[in-house]
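This report concerns only the one structure given below.
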Amino acid sequence: MAAFVLAAVMIGAGIAQRTVFQGPDSETAAVPAHESTPYVMIDGAVLNRLPGAQTLRAQADGDIFAAYGRTADMTAWLSDATYTSVTLADDGEIVAETVVPEPEAVAEDDAEAEEDTDAANPGRNPAGSDLWLDEFTQTDLMIAPLQLPSEMSVIVATDGTEPAPSTITLSWPIPNATPWAGPLIVGGAVLMAIGVLLYILGFRHARRARGPRRKGLPLPPTEPIDVAVEGEEKGVISASGPTRRSLGSSRRTLVAIPALAVSALLFAGCDADAWPELAATPTPSPSATVIVPEGQQSPAVTKAQAERILSRIAETVAQADEDLSVKTASTRLSGAMLETRTTNYTLRDAISDYKTPAAILAKPLSIVLPQAYDGWPRSVLAVVDDVETKTSSIMVITQEDPWSEYELSYQASLEADTPMPDLAPSYIGATQVAPDSPFLIMQPDQVAAAYADIINNGDDSEYAGLFDAETDQFRLKIESDRERRLKEFNETASKTGSLTFSSKAGSEEPFAIATLESGAIVAVTVEESDKVKPTNSDAVIKLENNPTVETLAGVEQSASGFTTTFLDQLFFYVPGQGSSEKIQLLGYASDILNAKVIK
């Protein structure tokens, strides 16, 4: 009996833990109503008001937009807009405050001040901004599971013009596991089974104890029983009923079945939360340690964010290439990339079989090195692999301000088997090196001019000893191409004209980002020019078999000659000051830029 009582107590306690004694599994807090502002920014402190993952719920008619990102980035994006800021007060209460941008200049009267405020709130649609780490769009009801640290915030809006959803809640899970419910229920079931077994054994022992204790005593006589069997004559049966053994077996079976049924039902109601955590804690594997420099700011993007941005750039540029639209290309290209694309569109519009530029690669990303900088402009260095051609592209994307999209400003093909210098991981980033930095063996703003001088003078250049010539395939290609073209020109026009070559630093500002060895990856442009001039007053330069120069120059012949300019995009590794290494060319790209009549 004690086993049954104890089993009932244990099972009851286990069931009570899973029912009447189990508390709620989440806590929900409502975001205070706002004053019809187009944006609501929920601070990271509010999201981390309680530990654990967060679930954002917003309700409104139509599309609802939500995104998360660094708090500093969101504050910058909203700096010229009116919005509701949701923060956490000192007492832990969630409070909402309307933030109105300050006019850039003090107005003379209230009407002018109101006009300035309205102008500062342009009603931008936040969807698709490159600042967000991720974004969601749902209709009527937004449910977004999140797990954000305190330095990140969430923005909620509709289209940036209409008021943001007025019903917004946040919920957090509450730990309510009952790790001893399972053991109590199972232990009680086992104890009940033991009690049933003990009861059966005791019952059998008691029945047997009623029989004779000494052998040889005669059994009492049994009176014969007349049993009438239908259809047969009456007979005499000496047994008075079923034996005790058969009765005992039948009762034992009936008693055991309820115990097994109860145990099965109790097992079915036990999930993982009803059991203690007995799994061993995994041992972390050692990894390389990268020390973040003191005072270094946050990386501009994450790897996933960079891949999404590059995918958007690739889609936009592909559309621009198809439509020959400089306007479309200018939304995602800048600098050397936009200049060479503009030239290509002009040529393809006039020459039917002119080559389309190579598509922008977006993934897979093998290297992402974001600039560690909280301000603007900010840039990212990336290397994307081309699985089909087994080549890679190295590129630089830059965002000018919080409201601009990232634009591709440099892109080049990596040399085959190019060893990249050691770079910081993407979650740390690297600082951008100043163009006139003295901490490298050559200032970034001097690299282009020095390399152009090497192209012009070869080993006679004063800078030749600073650059690694053994791995520089680009110089070899330039020398080979110039020799071939000069030979072909001299065979036909050496007596009437001249062909000369020259190189100089491009007009683009160099980009440099630090490596782990105190060096830097430097991106620059170099302009190569070819000049064809007549050598006597009676000669003219005709463009009979050169539709490219003819299209760009706009004439078929010239008595003064033509200049054709090519724009080279070059990536170098420049070692730090005091290093014995040489400057190494990592990647290059060369495209025609323009052609003009010499004046």
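The values are calculated or read from the model by the stated rules, or taken from the named source; none is laboratory data. Model, not experiment: these values are computed from the prediction. Counting neighbours? That spans all protein chains shown, and the Cβs are built from the backbone with ideal geometry, glycine included. These accessible areas exclude ligands, DNA and RNA; they are computed on the full protein's heavy atoms, side chains included. Shrake-Rupley method; radii C 1.70, N 1.55, O 1.52, S 1.80 Å.
Of the residues making up segment 563-589, those that are in contact with a helix residue (DSSP H, G or I) (Cβ under 8 Å, 6 or more places away or on another chain) and open to solvent by 10 Å² or more (accessible area, probe 1.4 Å) number 3. For segment 531-559, name all the residues that are of a type in the set (Gly, Ala, Ser), within 17 Å of Asn594 (Cα to Cα) and in a loop (DSSP other than H, G, I, E, B). Gly554, the sole residue that qualifies.
Residue under question is Thr346, and the condition is that it be among the β-branched types (Val, Ile, Thr), in contact with a helix residue (DSSP H, G or I) (Cβ under 6 Å, 6 or more places away or on another chain) and surrounded by fewer than 18 Cβ atoms within 10 Å (Cβ to Cβ); does it hold? Taking the combined requirement at face value, the residue does not satisfy it. Of the residues making up segment 430-443, those that are in contact with an Asp or Glu (Cβ under 7 Å, 6 or more places away or on another chain) and touching a residue at least 12 places away in the same chain (Cβ under 8 Å) number 1.
Scanning segment 453-467 for residues that are outside any helix (DSSP H, G or I) and surrounded by fewer than 14 Cβ atoms within 10 Å (Cβ to Cβ) yields a single hit, Glu462. Gln446 falls short on exactly one of the conditions (1) in a loop (DSSP other than H, G, I, E, B); (2) under 15 Å from Leu570 (Cβ atoms); (3) free of Cβ contacts under 8 Å to residues at least 40 places away in the same chain, and that condition is (1). Being buried (at least 18 other Cβ atoms within 10 Å of the Cβ), of a type in the set (Val, Ile, Thr), within 22 Å of Gly458 (Cβ to Cβ) and at pLDDT 95 or above is true of Ile478. Identify, please: which residue in segment 430-452 is small (Gly, Ala, Ser) and open to solvent by less than 40 Å² (accessible area, probe 1.4 Å) and is, among those, farthest from Ser503 (Cα to Cα)? Here the residue is Ala430. Restrict the check to segment 565-578 and report whether at least one residue is on the phi > 0 side of the Ramachandran plot and at pLDDT below 95. Yes, because at least one residue in segment 565-578 is on the phi > 0 side of the Ramachandran plot and at pLDDT below 95.
If you check Glu35, Glu27, which single one turns out to be at pLDDT below 90, of a type outside the set (Phe, Trp, Tyr), surrounded by 12 or more Cβ atoms within 10 Å (Cβ to Cβ) and over 30 Å from Ala193 (Cβ atoms)? Only one candidate qualifies: Glu27.
Among residues of segment 63-94 being among the small types (Gly, Ala, Ser) and outside any strand (DSSP E or B), the one that is surrounded by the fewest Cβ atoms within 10 Å (Cβ to Cβ) is Gly92. Restricting attention to segment 484-530 and to residues that are open to solvent by 20 Å² or more (accessible area, probe 1.4 Å), outside any strand (DSSP E or B) and of a type in the set (Ser, Thr, Tyr), the residue that is farthest from Ala382 (Cα to Cα) turns out to be Thr496.
Output yes when any residue across segment 132-146 is at pLDDT below 90, touching a helix residue (DSSP H, G or I) at 6+ places or on another chain (Cβ under 6 Å) and not hydroxyl-bearing (Ser, Thr, Tyr), and no when none is. Scanning segment 132-146 turns up no residue that is at pLDDT below 90, touching a helix residue (DSSP H, G or I) at 6+ places or on another chain (Cβ under 6 Å) and not hydroxyl-bearing (Ser, Thr, Tyr). The residues of segment 404-429 that are in contact (Cβ under 8 Å) with a residue 40 or more places away in the chain, open to solvent by 30 Å² or more (accessible area, probe 1.4 Å), assigned to a loop (DSSP other than H, G, I, E, B) and among the acidic types (Asp, Glu), listed by number, are Glu405, Asp422. Glu470 meets all of the listed conditions (1) within 30 Å of Glu315 (Cβ to Cβ); (2) open to solvent by 50 Å² or more (accessible area, probe 1.4 Å); (3) part of a loop (DSSP other than H, G, I, E, B) but one, namely (1).
Considered as a group, the residues in segment 172-216 that are touching a Lys or Arg at 6+ places or on another chain (Cβ under 7 Å), assigned to a helix (DSSP H, G or I) and open to solvent by less than 60 Å² (accessible area, probe 1.4 Å) include one that is modelled with the highest pLDDT, and that residue is Ile200.
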